[in-house]
Amino acid sequence: MSENTSKCDIGFVGLGVMGKNLVLNLADNGYKIAAFDLDSEKVTAAMAQDVAENATGDARVIGCSSYTELLSQLKSPHLIVLSVPAGAVVDQVCQNLIGAGIHPDDIVIDTGNSLWTDTVERENKYKDNFIFFSSAVSGGEVGARFGPALMPSGSPYAWTRVKPIWSAIAAKVDAQTGKPIERTKPGEIVTQGEPCADYIGPAGAGHYVKMVHNGIEYADMQIICEAYHVLRDGLNLSTDEIADIFATWNQGVLDSYLMEISVEVLRHKDSETGTALVDLILDKAGQKGTGLWTAVSSLEVGCPAPTISQAVYARSISSFKELRGDTSRKLLPPEEVSLTEDEKKQVIEQLHDALYCAKICAYAQGFQLMKLASLEHNWDLNFASIAKIWRSGCIIRAAFLQSITDAFERNHKLENLLLDDFFAGQLSDCQQNWRLAVARATMMGIPVGAISASLSYYDSMRCAVLPANLLQGQRDFFGAHTFARVDKPENHKFHVEWTLPGRPIRKI
Ligand code: 6PG
């Protein structure tokens with residue numbers, strides 16, 4: 001056996017929950033891994049789990065105690081995967097690899113949720129030392145172990161080396177049905193089906209797409225939480241009753257991972273008290289930043305993403321727990337609405353349709369944002385391929401991602417999902433219930449910011465004449481900012497002395 005064949009295929013840095021599970025997933029798929037973490041206990045734990053889960057008894061994970069040892073264990077040219085926190089740690093690890101003697105043709109893959117602009121900088125910053133490649137991972141710990149969605153981007157040459165590995169470990173979808181192929185046991189591998197991993201584009205593009213994935217994730221989660229709020233406080237349903245409703249919804253067009261886990265969260269009982277655990281969880285939401293980045297980027301790119309932004313605001317509002325306590329004692333609720341059993345059933349149906357429509361709008365916003373960013377940065381993103389990647393493995397996986405895939409396959413240039421015949425039809429079929437659900441919630445005084453932001457988005461987008469004519473008049477009045485006229489070419493700008501009646505309009 002030559003020296004290179006006995007060596008490890010992949011070096012891995014960072015053995016937290018995601019890292020360890022990615023390592024075991026790679027090992028199941030036949031790769032030998034040299035693994036390193038600053039915390040040696042994590043290295044020991046990964047090796048122990050590998051031995052416990054590996055029926056052959058051969059060690060597939062080789063623990064390393066330094067970066068130098070890590071490099072010495074690897075086949076050349078080296079391939080090193082990082083699963084470390086986004087931010088400064090990525091650069092620290094890169095510098096340590098340089099110190100340990102990494103080569104210019106070696107590849108380092110950042111799998112964290114890095115800010116996309118950092119990734120662009122890093123590719124350039126490290127180009128003389130090694131090839132910096134990125135591949136955001138979605139799917140949480142179970143996804144990492146049994147098949148995540150992967151969003152690789154950067155050097156096309158690096159992708160040719162990474163592709164077979166990523167195709168092996170990624171979640172898979174049946175090409176005929178578009179349904180995920182389940183893989184749930186250690187040692188199990190799936191070789192058939194379409195992998196949820198495809199090249200996204202140049203450096204930064206993959207992390208941008210993952211950022212928007214997370215923005216949609218925020219919106220999707222918030223929409224579900226708003227429905228829960230109406231069912232809990234508007235209809236006074238028990239947690240188990242709400243779980244049953246969500247479980248039914250999960251059988252149809254709302255079939256999604258986030259709906260499925262919401263059912264499980266609602267059904268979970270606290271071991272200490274026996275009550276639903278969700279009722280004991282403090283209503284203050286955390287956030288690590290990717291939803292915020294999406295909202296900021298939507299403002300910078302000039303692409304409306306109000307459902308996503310509203311979902312970020314909802315998390316911020318939740319964090320003002322004490323203030324909300326004070327205001328709840330000060331500000332009056334609306335008059336109480338009492339509903340008959342039939343009316344309650346109607347509200348449940350209306351909410352179902354509201355969720356579906358709000359979700360379609362959140363995806364429409366996310367995809368349009370990626371489209372505009374792609375044009376701005378020349379990424380040439382393929383939206384059918386992105387929708388395909390998101391059909392399984394990732395957190396926003398949902399049955400209707402197949403419909404989004406179909407929409408972009410029908411029309412690769414589709415400007416906005418709302419223009420697709422299928423989605424336009426779904427929205428018009430459900431819009432009446434959507435409006436009634438928002439109206440009901442509003443009359444009950446229950447905030448449904450994301451669901452109603454989607455509705456306003458829908459109404460604004462289908463409004464051929466918005467009131468921005470008055471706004472332009474206001475701007476010209478106080479700041480001589482000029483305006484265009486509907487009866488003249490748009491590039492002709494006009495200004496009027498508003499306070500002097502009869503003064504002619506000047507063309508600027
Ligand atoms: C995923 C998740 C993952 C992570 C989020 C959570 O795709 O696997 O999105 O990336 O769970 O970063 O983000 P917040 O902590 O901001 O909710």
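Couple of notes before you dig in:
- Which of Ala484, Ala387, Gly445, positive extreme of dipole for the stretch 375-489 (C-beta unit charges): Gly445
- With the Kirkwood sum run over all distinct C-alpha pairs, the stretch 224-306 has a hydrodynamic radius of 14.9 Å.
- Separation between Cα centres of the stretch 444-508 and the stretch 255-269, rounded to whole Å: 44
- Helix-only [θ]222 nm of the chain, DSSP H runs n ≥ 4, -39500 (n - 2.57) each, per residue, nearest 500: -16500 deg cm²/dmol
- For the stretch 237-396: rounded, prolate or oblate by the Cα gyration tensor [a/c cutoff 1.5]: prolate
- Charge dipole of the stretch 10-202 (Cα centre as origin; +1 on each Lys and Arg Cβ, -1 on each Asp and Glu Cβ, all else neutral): 300 debye, rounded to the nearest 20.
- Solvent-accessible area, 1.4 Å probe, carbon plus sulfur percent, for the stretch 134-251: 54
- Here the contact order of the chain, divided by its residue count and restricted to Cα pairs under 8 Å and six or more residues apart, works out to 13 percent.
- Computed from point charges on the beta carbon alone (+1 for Lys and Arg, -1 for Asp and Glu), the dipole magnitude for the chain about its Cα centre is near 1300 Debye.
- The equivalent ellipsoid that matches the C-alpha gyration tensor of the stretch 316-363 spans semi-axes of 28, 21, 7 angstrom, in descending order.
- A protection proxy built from the mean count of other Cβ atoms within 10 Å ranks the segments 252-260, 345-353, most packed first, as 345-353, 252-260.
- According to the calculation over all Cα-Cα pairs in the stretch 395-508, the P(r) per 10 Å bin from zero is 11, 26, 23, 21, 17, 3, 0 %.
- Cα lying deepest toward the dipole's positive end in the chain, options Ala358, His207, Asn416, charges on Cβ: Asn416
- Taking the Cα centre of the stretch 206-461 as reference, the dipole from Cβ charges on Lys and Arg (+1) and Asp and Glu (-1) amounts to some 680 debye.
- Positive-end residue, the chain charge dipole about Cα centroid, Cβ charges, pick of Leu26, Val263, Ser297: Ser297
- Computed over all pairs of different Cα atoms, the Kirkwood value for the hydrodynamic radius of the stretch 10-202 is 16.6 Å.
- The stretch 120-236: relative contact order in percent, alpha carbon pairs under 8 Å with at least 6 residues between: 27
- The stretch 20-72 and the stretch 290-363 have Cα centres spaced 44 Å apart.
- Peptides 79-87, 98-106, 196-204 ordered by packing proxy, namely the average of other Cβ atoms within 10 Å per residue, highest first: 196-204, 79-87, 98-106.
- Antiparallel bridge percentage (DSSP; both residues within the chain; nearest 5): 40
- The residues of the stretch 466-508 expose on average 81 square angstrom of accessible surface per residue, using a 1.4 Å probe on protein heavy atoms.
- Based on Cα contacts under 8 Å between residues 6+ apart, the stretch 1-122 shows a relative contact order of 28 percent.
- Using the 1.4 Å probe convention, the accessible area of the stretch 204-269 works out to 34 Å² per residue with neighbouring protein chains retained.
- Pairs exceeding a 20 Å alpha-carbon distance, out of Lys288/Lys388; Lys127/Lys288; Lys172/Lys388; Lys42/Lys125: Lys288/Lys388; Lys127/Lys288; Lys42/Lys125.
- Candidate cross-link partners of Lys321 among the aspartates and glutamates, defined by an alpha-carbon separation under 16 Å and a same-chain spacing of 8 or more, comprise Asp279, Asp283.
- Global form of the stretch 466-508, assessed from the alpha-carbon gyration tensor, a/c cut-off 1.5: oblate
- In terms of its C-alpha gyration tensor, the stretch 182-252 has an oblate overall shape, because the principal axis ratio a/c (a ≥ b ≥ c, square roots of the eigenvalues) is not below 1.5 and a/b does not outweigh b/c.
- Rg and Dmax over the alpha-carbon atoms of the chain stand at 26.0, 94 Å.
The values are calculated or read from the model by the stated rules, or taken from the named source; none is laboratory data. Please read all numbers here as calculations on a predicted model, not as lab measurements. In this analysis, Cβ positions are derived from the backbone assuming ideal geometry, glycine residues included, and neighbour counts consider all displayed protein chains. Remember, those area values only see protein heavy atoms, side chains included, never the ligands or the DNA or RNA. Shrake-Rupley method; radii C 1.70, N 1.55, O 1.52, S 1.80 Å.
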